[in-house]
Amino acid sequence: MTAGVYEPFSFGADEIVISPREYMRYMGAGTESDGALTALIDECLGEVKDALRIRGVTRTSDVETCAPAVRFSFCEIESRSLSKNLSGCSSAVLFAITAGAGIDRLISKYSAVSPSRALVIDAVASAAVEGAANKLNALVKERFGKTKPRFSPGFGDLPLDFQRDLLSFTDAGRRAGVLLTESMMLTPMKSTTAIIGICEEQK
Amino acid sequence: MRNPFFEITDRTVVFDGATGTLLQAAGLRPGELPETWALTRPDAIREVHRSYLEAGSDLIATDTFGANRLKFPEGGEFPLEGIVRAAVALAREEADAFSARTGKKPYVALDMGPTGRLLKPLGDLDFEGAVSVFSEVAKLGEKYGVDCILIETLNDSYELKAAVLAAKESTSLPVFATCVFDETGRLLTGADPLTVVSLLEGLGVDALGVNCGFGPDKLGGVVDDLLKYSSVPVIVKPNAGLPAVKNGKTEYDVPADTFAELLSEMVKKGARAVGGCCGTTPEYIRKLASAVAGIKPVEPPKKEYAAVCSGVRSFIIGSRPAVIGERINPTGKKKIKGALRAENYGEIFDEAVKQEERGADILDVNAGLPEIDEPAVLETLVTGLQGITSLPLCIDTSDPVAMERALRVYSGKALINSVNGKDEILDATLPLAAKYGGVVIGLTLDEDGIPDEPEGRLAIAKKIVERAAEYGIEKRNIVIDPLVLTVSADPLAAKRTLDSVSLIKKELGVAVSLGVSNVSFGLPGRDRLNSVFLAEALSRGLDAAIANPLSDTMMGVFTSHAALTGADPGFARYIAAEDGKEEKKAAPAAEMTLPAAIETGLSSRAAELTAALLETTPPLEVIDKYIIPALDRVGKAFEEKKLYLPQLLMSAEAAGASFDAVKKKMPRDAGASKGGIVLATVKGDIHDIGKNIVRTLLENFGFTVYDLGRDVPPERVLEAAIRHKVDLVGLSALMTTTVPAMEETIRLIHEKAPGVRVVVGGAVLTREYADAIGADKYCKDAMQTVDYAKEVYEGRRI
């Protein structure tokens, strides 16, 4: 089985879509905002865009599925849901992506002085990470053709522990600054990882 | 112990190239730890060292990049000490064999890479935890006989500090440190080259530089900046560009010839050592060594500037008059005193953010209150503040123990406030500045007090500079404060101080700072007196003033002075400051009632309306008739899903602003607390947004909240619950992985503090889950928590 090389990347704030639907949902704001909230969101969007430093890294791995096991070039993992997700794939792109440490600092700052602003910035930043992952997903599709929906550790029965293998395989600490805490949380906080299966017939 | 930069002075020092790249070619699998090969595949490691030595490396790094306790825990498959011992032996034996063959004497460096964990507050690793991880490896390296230590591939300035401090304090070896800068010229956690240089030189590294990240084609700007700021040798070890797979083979996009050529250019500009990182091979090093062989090295010129820095950004002393924000200081400030006593630092963080927003360049931090544990509080405060603000800090204490603890955990290079001409003080504080770095403020007073005449103050300033030099602290890292006395006590006091500023700048050539506010003590119109005095001092060349950034008059002097002396290109700062004022004045005075302002969540409007209302209405009536009913309506609307979380929080904050305005008018402690609640995000969990929302609501519904922050161990929650005599503890957890910590905390509280109830919340929790771990109550949102708190306290008191 073979593995590709690590490929670091970065996106500018204006290269990604920060979906209002997503951040409204993250902040628990219903669907419509009123005047004061709209003004706050606008300010926060500006602050988040200034603080964003989206960086990530991808690496491809060969994949064999043999339910409930999935064999990558760097490890084997038992997960029925991932096995189902990757069925028909012989390779997958694994990635880690982060909005950067500056966003975490912005959130801590406002947590101390204005929790409403912290809440909105947190939500907008989460939407930004989502937007960055969408953008990457689109690039992967462009390059490899048809892909499976992206799948992250913690989805279905894929254990959270898989983060460790994924981050080590993509060398995400060194290449993008994405690390794990002892309790398997990604740091910086606004980071995500996933696996994108590449559909066989397209290869 | 050998330092190549002392011994190789007639040519460029050549480091080695990538280890991982060669080991992968030799069969290292993805995910396999390369350090284990020192034990399992020693021949492959020997081959790596031998091939680099033969290619022309003067220095080889041991196969210990990831060899630390976090990756190789005790009792694991591979013993850490065994790995380090074997790795050092392999490098040493190859170096000796090479030496026997060629007569050259290559250096063996202990390689130390990052821990693999992010430090608090961004991550979960304690600063001291990181220091001890690095210390252990550094000591082993020294024990088994390396010549020097190479810390490399760090991309966080705080971890960098931990690594260098560990290497320096636990060994006597030369220490070199190189970091990963990205194409924007910063570390992943944000520090720019100036900040990295200030931090590292402060800690006393013997050489510094850049490695990994990108190829030499993208690092030119970073190397230029490092050379511009560094007084110690600069090391450049880039990748061979970026990898790509071609015909099934991995190739990097900067070929060996180009690599050598680009690095030669950097050597001509002043880089003293070169080598390679990811993707480089002995071929790269061979070409590199021959390309740089004929270039005569440039000694890095000593630099004259001094900067203070946080973990992210720097301020060069003297680049413009610095505003050192004075407001985090309990002297004469009831609010700060209260916050320090209650260990409730929200008020202090608030002051930090306000001062930053109003244009402070550096923040003074003073926690000197007789009845508190100053070293512990100052340490906590500095740790907290560096998560809130990116401004450099000025650590202000007369207690050397507190000073050391604060300097140690500080993620940057601080302004040290202060020493004076007393030998006892100099001997206690200068060693700290020498060890941790810093720019030292020296007050011109000694055992005999403050000399009246400027000449006397100059003499003490000279003494301070000389004594500092004995500790290796350069003059550029000293700022003299010739001290301001009150004019009301002595009409010549201000003049003498101003003359001292001129004299000391002229005779000694050091930067000068003053705490200005003292001058007007005891007189009316203090702001005006202070500002005229400041303007006078600035015209004499004052470099920094400890002042109140919230005073428009004072800040106006700084911005006007810069605008009038050509120090504000395009009047950018001046205009920005004036624009801010116009906006405030021009805010439309539309009709709005206080309850409406609270319900729409307009904090500043709510504060204004409250102040206006207080002209005609007694404070308690404002609370009972206006604020509380508005807040209750908002709470009800939230429960009925007529409005949502952000609006609820905005209203709570507006109510908070309104309460603050009322409190100013109230006799002290009227409107007593409804009860105390300890809040914490449990151990292992670093997400605290939900807990912060709960805190805001509880506070604005009249409860006193003791917020312990995030990643809080069970014992600390228990200790706080007992000390603050609360009936209720609130715990938050976001992920399933931290629920066990929550369960343990609940168990401990129920066991050791029976009667204290525990309410839990957080993304992963459900009522069933909460029951299963023994919580007294599960609340699905912040409003429910407020209701439960009311139930606990009102129920119990009736």
Please work out which residue is farthest from residue A:30 (Cα to Cα), limiting yourself to the stretch B:604-629 and to residues that are touching a helix residue (DSSP H, G or I) at 6+ places or on another chain (Cβ under 6 Å) and within 14 Å of chain A (Cβ to nearest Cβ).
B:607
Take residue B:633 and tell me if it is under 20 Å from residue B:791 (Cα atoms), without any contact (Cβ under 8 Å) to a residue 24 or more places away in the chain and either of a type outside the set (S, T, N, Q) or not in a helix (DSSP H, G or I) (or both).
no
Looking only at the stretch B:454-482, which residues are closer than 27 Å to residue B:435 by Cα, surrounded by 17 or more Cβ atoms within 10 Å (Cβ to Cβ), touching a helix residue (DSSP H, G or I) at 6+ places or on another chain (Cβ under 8 Å) and not charged (D, E, K, R)?
B:458, B:461, B:464, B:465, B:468, B:473, B:477, B:478, B:480, B:482
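If only one of B:680, B:720 is surrounded by fewer than 22 Cβ atoms within 10 Å (Cβ to Cβ), modelled with pLDDT of 85 or more and not in a loop (DSSP other than H, G, I, E, B), which one is it? If you could, list the steps in order and put the result at the bottom.
Working: B:680 fails: surrounded by fewer than 22 Cβ atoms within 10 Å (Cβ to Cβ).
Going through B:680, B:720 in turn, just one is surrounded by fewer than 22 Cβ atoms within 10 Å (Cβ to Cβ), modelled with pLDDT of 85 or more and not in a loop (DSSP other than H, G, I, E, B): B:720.
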For the stretch B:125-140, does any single residue satisfy the condition of being assigned to a loop (DSSP other than H, G, I, E, B) and buried (at least 23 other Cβ atoms within 10 Å of the Cβ)?
no
If I ask for residues that are hydroxyl-bearing (Ser, Thr, Tyr), more than 14 Å from chain A (Cβ to nearest Cβ) and part of a loop (DSSP other than H, G, I, E, B), which ones from the stretch B:293-342 would you list?
B:305, B:319, B:331
Looking only at the stretch B:343-395, count how many residues are within 15 Å of the chain's Cα centre (by Cα), facing chain A (nearest Cβ under 9 Å) and either in a loop (DSSP other than H, G, I, E, B) or without any contact (Cβ under 8 Å) to a residue 12 or more places away in the chain (or both).
2
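Let me confirm something: among B:431, B:392, B:451, B:400, which residue is within 30 Å of residue A:102 (Cβ to Cβ) and at pLDDT 95 or above?
On the way: B:431 fails: within 30 Å of residue A:102 (Cβ to Cβ); B:451 fails: within 30 Å of residue A:102 (Cβ to Cβ); B:400 fails: within 30 Å of residue A:102 (Cβ to Cβ).
Among B:431, B:392, B:451, B:400, only B:392 is within 30 Å of residue A:102 (Cβ to Cβ) and at pLDDT 95 or above.
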Residue list for the stretch A:132-159, filter: surrounded by fewer than 21 Cβ atoms within 10 Å (Cβ to Cβ), in a helix (DSSP H, G or I) and not aromatic (Phe, Trp, Tyr)
A:134, A:135, A:137, A:138, A:139, A:140, A:141, A:142, A:143
Which residues, counting only those in the stretch B:723-749, are of a type in the set (Lys, Arg) and either in contact (Cβ under 8 Å) with a residue 40 or more places away in the chain or within 10 Å of chain A (Cβ to nearest Cβ) (or both)?
B:725
Which listed residue is without any contact (Cβ under 8 Å) to a residue 60 or more places away in the chain and either within 12 Å of another protein chain (Cβ to nearest Cβ) or on the phi > 0 side of the Ramachandran plot (or both), from A:98, A:2, A:31
A:31
Kindly indicate whether any position in the stretch B:696-714 is away from chain A (no Cβ under 14 Å), within 27 Å of the chain's Cα centre (by Cα) and not in a strand (DSSP E or B).
yes
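Residues are listed down the side, and each one gets a yes or a no for (1) closer than 18 Å to residue B:414 by Cβ; (2) among the aromatic types (Phe, Trp, Tyr); (3) away from chain A (no Cβ under 14 Å); (4) surrounded by 21 or more Cβ atoms within 10 Å (Cβ to Cβ):
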position	(1), (2), (3), (4)
B:165	yes, no, yes, yes
B:170	no, no, yes, no
B:218	no, no, no, no
B:222	no, no, yes, yes
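Give A:93, A:120, A:113, A:124 a once-over and let me know the one that is within 14 Å of another protein chain (Cβ to nearest Cβ) and either touching a Pro at 6+ places or on another chain (Cβ under 8 Å) or acidic (Asp, Glu) (or both).
Numbers: A:93 fails: either touching a Pro at 6+ places or on another chain (Cβ under 8 Å) or acidic (Asp, Glu) (or both); A:113 fails: either touching a Pro at 6+ places or on another chain (Cβ under 8 Å) or acidic (Asp, Glu) (or both); A:124 fails: either touching a Pro at 6+ places or on another chain (Cβ under 8 Å) or acidic (Asp, Glu) (or both).
None of the other options fit; the residue is A:120.
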I'd like to check which strands (runs of 3 or more DSSP E) are fully inside the stretch A:39-92 and have at least 1 residues that are over 29 Å from residue A:187 (Cβ atoms) and at pLDDT below 95.
A:54-66, A:69-72
Considering the stretch A:8-28 alone, what residues qualify as being touching a Gly at 6+ places or on another chain (Cβ under 9 Å), within 11 Å of chain B (Cβ to nearest Cβ) and not in a helix (DSSP H, G or I)?
A:8, A:9, A:10
Among the residues of the stretch A:171-203, write down those that are in contact with a Phe, Trp or Tyr (Cβ under 6 Å, 6 or more places away or on another chain) and within 11 Å of chain B (Cβ to nearest Cβ).
A:171, A:175
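State whether the residues of the stretch B:54-62 include one that is in contact with a Leu (Cβ under 6 Å, 6 or more places away or on another chain) and away from every other protein chain (no Cβ under 14 Å). Write out each step before concluding.
Within the stretch B:54-62, the subset in contact with a Leu (Cβ under 6 Å, 6 or more places away or on another chain) is B:61-62.
With away from every other protein chain (no Cβ under 14 Å) added as a condition, the list becomes B:61-62.
Scanning the stretch B:54-62 turns up at least one residue that is in contact with a Leu (Cβ under 6 Å, 6 or more places away or on another chain) and away from every other protein chain (no Cβ under 14 Å).
Would a scan of the stretch B:488-502 turn up a residue that is among the β-branched types (Val, Ile, Thr) and over 32 Å from the mean Cα position of the chain (by Cα)?
Going through the stretch B:488-502, the residues among the β-branched types (Val, Ile, Thr) turn out to be B:497, B:501.
Filter once more, so that each one left must be over 32 Å from the mean Cα position of the chain (by Cα): B:497.
So far as the stretch B:488-502 goes, yes, one or more of its residues are among the β-branched types (Val, Ile, Thr) and over 32 Å from the mean Cα position of the chain (by Cα).
The values are calculated or read from the model by the stated rules, or taken from the named source; none is laboratory data. Small disclaimer: the values here were computed from a predicted structure and weren't measured. Positions of Cβ are generated from backbone atoms using ideal geometry, with glycine treated the same way; all protein chains shown enter the neighbour counts.
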